[in-house]
1. About the Cα centre, and with charges only on the beta carbon of Lys, Arg (+1) and Asp, Glu (-1), how big is the dipole of the chain? Nearest 20 debye, please.
2. Report, to the nearest 10°, how far helix 53-62 tilts away from the longest principal axis of the Cα atoms in the chain, using its own Cα long axis and a range of 0 to 90°.
3. Between 109, 151, 99, where does the largest GNM mean-square fluctuation fall for the chain, given springs only between Cα atoms within less than 10 Å?
4. What angle, in degrees between 0 and 90 and rounded to the nearest 10, separates the Cα long axis of helix 81-99 from the longest principal axis of the Cα atoms of the chain?
5. Each label point is 7 Å from the Cα along the Cα-to-Cβ direction; what then is the distance between the points at residue 60 and residue 176, in nm?
6. Quick one: Karplus J couplings for the stretch 179-185, per residue in order, coefficients 6.51, -1.76, 1.60, θ = phi - 60°, nearest Hz, x for Gly and Pro?
7. Sorted from largest down, give the three principal axis spans of the alpha carbons of the chain, whole angstrom values.
8. Quick one: Karplus J couplings for the stretch 109-119, per residue in order, coefficients 6.51, -1.76, 1.60, θ = phi - 60°, nearest Hz, x for Gly and Pro?
Amino acid sequence: LIREGGITIYPLLLASVVSVAVIIDKFFEFYVIKRTVRLLHPQMIKFLESKDYHKMDNILSENIYCKNLYEAIIHNLDKPLEAIKKLAKIGLEKDAEDLRRYTWLLGTLGSMAPFIGLFGTVLGIMKAFNNIAAVGSGGFSVVASGISESLISTAAGLLVGVLSIFFYNFFTIKANHLESRLESNKEEMLIVLETRLNKK
């Protein structure tokens, strides 16, 4: 199929490899982030209430994903509450950017792949007509290779495009859900911090 798909099959193969690599990476990343947020946040609240900042720093140093929000709060506790709120918002925005990292590739590939396949379809049809012109007559055997090339290109473009767009939407929804969860965690930490400050 690759050999018979014509020249456009090669960029589609490259697109499929990139798409699959991004999909695997994002599945792993979202699994780790979801697990980290679920386990990390209760500990952060506990240590924030007990003022055990050393343990909080130790935990944050072990977590790679989505720690900008927590670091923005923990590393700036000596600042006024309003400043902490602004820094927490910036940290959350950085985490939101990390959640959407590389998903643009899926959206771009999903949009481009069908057009690359369509270009292959046009080239295949042109090849079929060139064969007719060269032979001087029609017939299935004359146009078969050109038609085959056009159909393979079309199918490959649609396959890569549909899968890429599907997972682009899937990961966008996952990112939105995790961002909402982090927003709730931010508000909870700020409430705990504000309550603690009011008790002084």
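A short reminder: the numbers here are calculations on the coordinates, not readings from a lab. On a predicted model such as this, the values are computed, not experimentally measured, just so you know. All Cβ positions, glycine included, derive from the backbone under ideal geometry; neighbour counts span all protein chains shown.
1. The dipole magnitude comes to about 400 debye.
2. Roughly 10 degrees, rounded to the nearest 10.
3. 151
4. Approximately 20 degrees, to the nearest 10.
5. So the two model labels end up 3.0 nm from each other.
6. Listing the rounded values in order: 5, 5, 5, 5, 4, 5, 5 Hz.
7. Largest to smallest, the principal-axis extents are 95, 26, 19 Å.
8. With coefficients 6.51, -1.76 and 1.60, one gets 5, x, 7, 7, 4, x, 6, 5, x, 5, 4 Hz.
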